[in-house]
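Below you'll find the structure, written out as structure tokens, and then a few comments.
The values are calculated or read from the model by the stated rules, or taken from the named source; none is laboratory data. Since this is a predicted model, take the numbers as computed values, not measurements. Counting neighbours? That spans all protein chains shown, and the Cβs are built from the backbone with ideal geometry, glycine included.
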Amino acid sequence: MKIMLLTLAVLANVLFQPAPLSEASSNQIASKSDITYPKLEYLDNQSKSFISEDEFYNEVDKNIYQEYKNAAFSIRQKISFKDVPDAEFTFNRKTNLISGKMDLKHQTDVHPNRQVYFMASFHQNEKEEWHKYVVIDAETKKVLLGGNHYHLYENPYK
């Protein structure tokens, strides 16, 4: 029995050894410079000048974004795309919305230094709260991100 197991082990080693790399197959291994990254659709435009966030808000199509009527808090900022998570986090903190920090790792087509407008609005009554935000590219005026949140509100001071 031991001889048979030993023979099988030797045969397995001989039969299943990895083949040496030929010159053709070794050339097929990608070097770091051969790796392609997603193409940026929105390039760095940090050096360009754009209108103020208030002027932009007055020009934006109100079907795309409009602050809540009688909003308790609204914010308008012209910022770099990389700063969007911080702006959203600040908005959420000021409006007591418990939410994780935004993750931009899937937004691979926007350069971190791309200028964008971040606008957010919050409305509250005795029973309900509404939050919404939008991120619009400063140059193309296209919506890059947006979201909203609604929940019932219980006034702790009642």
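Structure data summary
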item: In the stretch 41-84, the residues that are of a type in the set (F, W, Y) and closer than 12 Å to R114 by Cβ; result: Y42, F50, F81
item: Filter result for N58 (modelled with pLDDT of 85 or more, touching a strand residue (DSSP E or B) at 6+ places or on another chain (Cβ under 7 Å) and on the phi < 0 side of the Ramachandran plot); result: no
item: Index of the failed condition, K142 passing every other in (1) surrounded by fewer than 15 Cβ atoms within 10 Å (Cβ to Cβ); (2) in contact with a helix residue (DSSP H, G or I) (Cβ under 9 Å, 6 or more places away or on another chain); (3) not β-branched (V, I, T); result: (2)
item: Members of the stretch 78-104 found to be over 24 Å from S47 (Cα atoms), of a type in the set (K, R) and within 13 Å of the chain's Cα centre (by Cα), listed by number; result: K101
item: Residue in the stretch 144-153 that is more than 16 Å from the chain's Cα centre (by Cα) and either in a loop (DSSP other than H, G, I, E, B) or closer than 25 Å to L43 by Cβ (or both) present; result: yes
item: Candidate set: the stretch 36-77, residues that are within 21 Å of E88 (Cα to Cα), more than 23 Å from the chain's Cα centre (by Cα) and among the hydroxyl-bearing types (S, T, Y); chosen: the one surrounded by the most Cβ atoms within 10 Å (Cβ to Cβ); result: Y68
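So that you can scan it fast, the table gives a plain yes or no per residue for (1) surrounded by fewer than 18 Cβ atoms within 10 Å (Cβ to Cβ); (2) in contact (Cβ under 8 Å) with a residue 12 or more places away in the chain; (3) not hydroxyl-bearing (S, T, Y):
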position	(1), (2), (3)
K82	yes, yes, yes
T95	no, yes, no
I98	yes, no, yes
K105	yes, no, yes
P112	yes, yes, yes
S121	no, yes, no
K132	no, yes, yes
A138	no, yes, yes
